[in-house]
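This report refers to the structure that appears directly beneath it.
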Amino acid sequence: MIQITPQMRVLVAIEPVDGRKGIDSLARLCQEKLAEDPFSGCVFIFRSRRGSTVRVLTYDGQGYWLLIKRLSKGRFGWWPDSDGLAARRLEAWQAQLLLAAGDASRVRAAPVWRPVGSAASAQIRL
């Protein structure tokens, strides 16, 4: 399993891809259609035309990981809108929801970075 951490950059391809594509074809698609470097360590997520399968491609410094998830029932109901772009960036928690076939547009999460108050206000009183 690929663990998606908050430090990872996640891009979701808006247009569906042919379900027969493998690592080489998806890496080429990253370069040509998404204008991204497939060796960057970015996590790329692709959806099949029917919407029941997603493919996750990432490079870990030694080689590519390709994760394929096909739902036994139903389809991935939520997918980001294009807004005229070929891909959309997601936060790590949104990508995890997407892979769980959840709707990331309906869920809100705490910000990844929050300002910390002064040291005096952070003291704990016993």
Just give me the residues in segment 35-69 being in contact with an Asp or Glu (Cβ under 9 Å, 6 or more places away or on another chain), assigned to a loop (DSSP other than H, G, I, E, B) and surrounded by 14 or more Cβ atoms within 10 Å (Cβ to Cβ), in sequence order. 42
In segment 15-34, anything surrounded by fewer than 19 Cβ atoms within 10 Å (Cβ to Cβ), in contact with a Leu (Cβ under 9 Å, 6 or more places away or on another chain) and not in a strand (DSSP E or B) is listed as 21, 22, 23
Among the residues of segment 10-52 satisfying the criterion of being more than 14 Å from the chain's Cα centre (by Cα) and among the β-branched types (Val, Ile, Thr), which is modelled with the lowest pLDDT? 17
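I'd like the residue in segment 70-101 that is part of a strand (DSSP E or B) and surrounded by 14 or more Cβ atoms within 10 Å (Cβ to Cβ) and, out of all such residues, is nearest to the chain's Cα centre (by Cα). Step through it out loud before you land on a result.
Taking segment 70-101 first, the residues part of a strand (DSSP E or B) are 70, 87-90.
Next cut, surrounded by 14 or more Cβ atoms within 10 Å (Cβ to Cβ) only: 87-88, 90.
On the way: 87: 10, 88: 9, 90: 6 Å.
Only one residue tops the list, namely 90.
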Can you report the number of residues in segment 20-38 which are free of Cβ contacts under 8 Å to residues at least 40 places away in the same chain and farther than 13 Å from residue 66 by Cα? 6
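The values are calculated or read from the model by the stated rules, or taken from the named source; none is laboratory data. These numbers were taken from a predicted model, which means no experiment stands behind them. Note that we place each Cβ from the backbone using ideal geometry, even for glycine, and neighbour counts take in every protein chain shown.
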